[in-house]
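S.K.: Sharing a structure with you now.
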Amino acid sequence: MPEASDVAAPAGTGVPAPPGRSRADLRDARARAAAERRRRRQRRLLPLLAAVAVVVLVAVVALAPDGRRAPGGGGSAAPVRSTTTTTAPPYLPPPVTSAISPAQPGEGQWAPQDVWAPGPPSVMTTTFRTDPADPTITAYAAWMRTSSTVLGLYPGYKGPGPTAAGVDRGPEQVPDAGRPYLLSAFNSGFYEADAAGGFYAHGITYFPMVPGLATVVTRTDGSAAIEAWAGGPTPDASVVMARQNLPLLVDHGAPTAATAVPATWGVTLYGAPRVWRTALGIDAHGNLIYVAAPLQTAASLAQVMVQVGAVRAMQLDINPEWPIYVLYGGPGAASPSLFVPNPNQIPGRFLYSSTKDFFALFQRLPTLTVPPW
């Protein structure tokens, strides 16, 4: 057994090893002491770590799944992108500014007329004055939402003109199948004998289309347009209905040059320069606008169409006998009423055989996407 003087002190201590203990024993002792100190530190840290974990868990639970704070969640959270989507409200036409100031109560304000039908209004009407020099002139306007309606065109027993034997002219009135969904009905354009133009409805070309003429068109995608016809004599398969009448009255939101030529716009009763005139326009959102007004030239009617918000427009029928816009007060063509006052017309005109062709407006439904026949 070695002498005590032969056992070296631990390196770097300068202290000799206690008698009877080797350097290996000292190393083991120091390791055990260090391990014990680490365990004591860990035991002191455990409560602190547990507290931090609880705080983090509470913060996570307080956040809703889409990143917003759940009800009752305190504190603040960093902004998180929400996945919530919103639906824009249905478009409504802006009020029409009267040509005379101040406006009368309700003047130019659109009022819904199909309140009995579900969904946002599809037909709205208003009246407004058009001429500062004559405050008695009132225009009657009806706005029609294209996305929720179906526009049909129907021949009368005389208009638009005679057709070949065997050509189906349909019911010559609002068809029974469409009456439960009928919203309104209004006059069309000239007789074919007075102004040759295309007439296409229900898959039948009654009269061939004429290039360049103003045309109201509806298509299989549900859209409507008023345009200068650029197609051939027979509409293609995308067209549901097309009716022509004279050149464009308004284009690109302004009266056309043709409005300065009175002879272009039809023969007036007794040759009067200003008569009742009607027009059909389309706004920048693709919705149709009908207007009827007394004491109008083509040029003044074009200005009225711009005033009401039309970006393109075509003249329809003229003279006192023909302007008519009928509203229906409920399903089944109930309670028809004349929106355009005209002593030459009656509210029930389109519910029996009509002299001239006309337009009828129906609710658009999953089961009604094309005009009934």
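The values are calculated or read from the model by the stated rules, or taken from the named source; none is laboratory data. Predicted model, so just to flag it, every value in this text is computed and none were measured. Don't worry about glycine lacking a Cβ; one is built from the backbone with ideal geometry, like all the others, and counts go over all protein chains shown. Note: accessible area is taken over every heavy atom of the protein model, side chains too, but ligands, DNA and RNA are not part of it. Shrake-Rupley method; radii C 1.70, N 1.55, O 1.52, S 1.80 Å.
S.K.: Kindly indicate the residue of segment 143-169 that is assigned to a strand (DSSP E or B) and either open to solvent by 10 Å² or more (accessible area, probe 1.4 Å) or not small (Gly, Ala, Ser) (or both) and also nearest to PRO93 (Cα to Cα) among those meeting that condition.
M.R.: Filtering segment 143-169 down to residues assigned to a strand (DSSP E or B) leaves 143-144, 149-154.
Restricting the remaining residues to those that are either open to solvent by 10 Å² or more (accessible area, probe 1.4 Å) or not small (Gly, Ala, Ser) (or both) gives 143-144, 149-151, 153-154.
Details: TRP143: 8, MET144: 10, THR149: 16, VAL150: 19, LEU151: 19, LEU153: 25, TYR154: 28 Å.
Out of the qualifying residues, it is TRP143.
S.K.: Right, something else. Output the qualifying pairs, or none if there are none: Cβ atoms under 7 angstrom, residues six or more apart or on different chains, first residue in segment 223-252 and touching a residue at least 40 places away in the same chain (Cβ under 8 Å), second residue aromatic (Phe, Trp, Tyr) and part of a strand (DSSP E or B).
M.R.: MET241/TYR200; ALA242/TYR200; ARG243/PHE199
S.K.: Looking only at residues that are more than 30 Å from PRO90 (Cβ to Cβ) and out of contact with any strand residue (DSSP E or B) (no Cβ under 9 Å at 6 or more places or on another chain) in segment 254-265, which one is surrounded by the fewest Cβ atoms within 10 Å (Cβ to Cβ)?
M.R.: Only one residue tops the list, namely ALA263.
S.K.: Further, regarding this structure: Go through the residues of segment 266-283 one by one and say whether even a single one is among the β-branched types (Val, Ile, Thr), in contact (Cβ under 8 Å) with a residue 24 or more places away in the chain and open to solvent by 50 Å² or more (accessible area, probe 1.4 Å).
M.R.: Of all residues in segment 266-283, those among the β-branched types (Val, Ile, Thr) come to 267-268, 275, 278, 282.
Remaining after also requiring in contact (Cβ under 8 Å) with a residue 24 or more places away in the chain: 267-268, 275, 278, 282.
Restricting the remaining residues to those that are open to solvent by 50 Å² or more (accessible area, probe 1.4 Å) gives 267.
For segment 266-283, residues among the β-branched types (Val, Ile, Thr), in contact (Cβ under 8 Å) with a residue 24 or more places away in the chain and open to solvent by 50 Å² or more (accessible area, probe 1.4 Å): present.
S.K.: Quick check: is even one residue across segment 290-304 touching a strand residue (DSSP E or B) at 6+ places or on another chain (Cβ under 7 Å), buried (at least 19 other Cβ atoms within 10 Å of the Cβ) and part of a loop (DSSP other than H, G, I, E, B)?
M.R.: no
S.K.: Looking at ALA193, ALA185 in this structure, which one is assigned to a strand (DSSP E or B) and either in contact (Cβ under 8 Å) with a residue 24 or more places away in the chain or among the acidic types (Asp, Glu) (or both)?
M.R.: The conditions single out ALA185.
S.K.: Let me ask you something else. Output yes when any residue across segment 110-127 is modelled with pLDDT of 95 or more, assigned to a loop (DSSP other than H, G, I, E, B) and either β-branched (Val, Ile, Thr) or closer than 24 Å to GLN303 by Cβ (or both), and no when none is.
M.R.: The answer is yes, given that some residue of segment 110-127 is modelled with pLDDT of 95 or more, assigned to a loop (DSSP other than H, G, I, E, B) and either β-branched (Val, Ile, Thr) or closer than 24 Å to GLN303 by Cβ (or both).
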